[in-house]
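Coordinate-derived values only; no laboratory data. All values reported here derive from a predicted model rather than from experimental measurement. A quick note on method: Cβ atoms are made from the backbone with ideal geometry, for glycine too, and the neighbour counts reach across all protein chains shown.
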């Protein structure tokens with residue numbers, strides 16, 4: 001079963017500054033329109049690098065997406081729409097990043113969002129959305145890199 005490992009996010013830092021009394025999460029689109037049409041199985045892999053600090057769990061979501069040149073300004077993303085103030089409702093994968101310890105590896109299999117069977121047809125494109133909790137004091141900083149391990 002041939003496969004490929006796609007580096008979809010090179011080492012990058014994401015920060016959520018503190019806000020007194022906050023219980024919110026900041027949602028950041030970290031990659032969009034990743035073509036996975038030729039693959040049937042996939043795993044979302046997240047590496048945590050040095051200089052990360054979290055007060056609670058952050059989540060990386062993989063969302064089904066269908067971009068088109070006919071309407072490039074429109075987001076066609078399943079379960080996630082502007083203004084991006086809540087978590088995606090039907091992600092293909094959710095990776096819970098529970099520790100900011102450098103060397104941490106977190107992963108989850110990709111699933112078609114409308115099917116319950118793992119490793120069914122994945123669809124055409126995927127978008128990655130990072131949810132970082134806003135702390136009541138200080139900052140949450142996550143330095144990550146992300147791969148998609150895909151197989152036909």
(message) Order these by the 10 Å Cβ neighbour count, fewest first: 80, 125, 19.
(response) 19, 125, 80
(request) Determine how many Å³ per residue the convex hull of the Cα atoms of the range 1-72 encloses. (result) 152 Å³
(message) I'd like the FRET efficiency for residue 50 and residue 107, computed as 1/(1 + (r/R0)^6) with the beta carbon distance as r and R0 of 22 Å, rounded to 0.05.
(response) 0.65
(request) Consider all pairwise Cα distances in the chain and report the whole-number % of them above 28 Å. (result) 19 percent
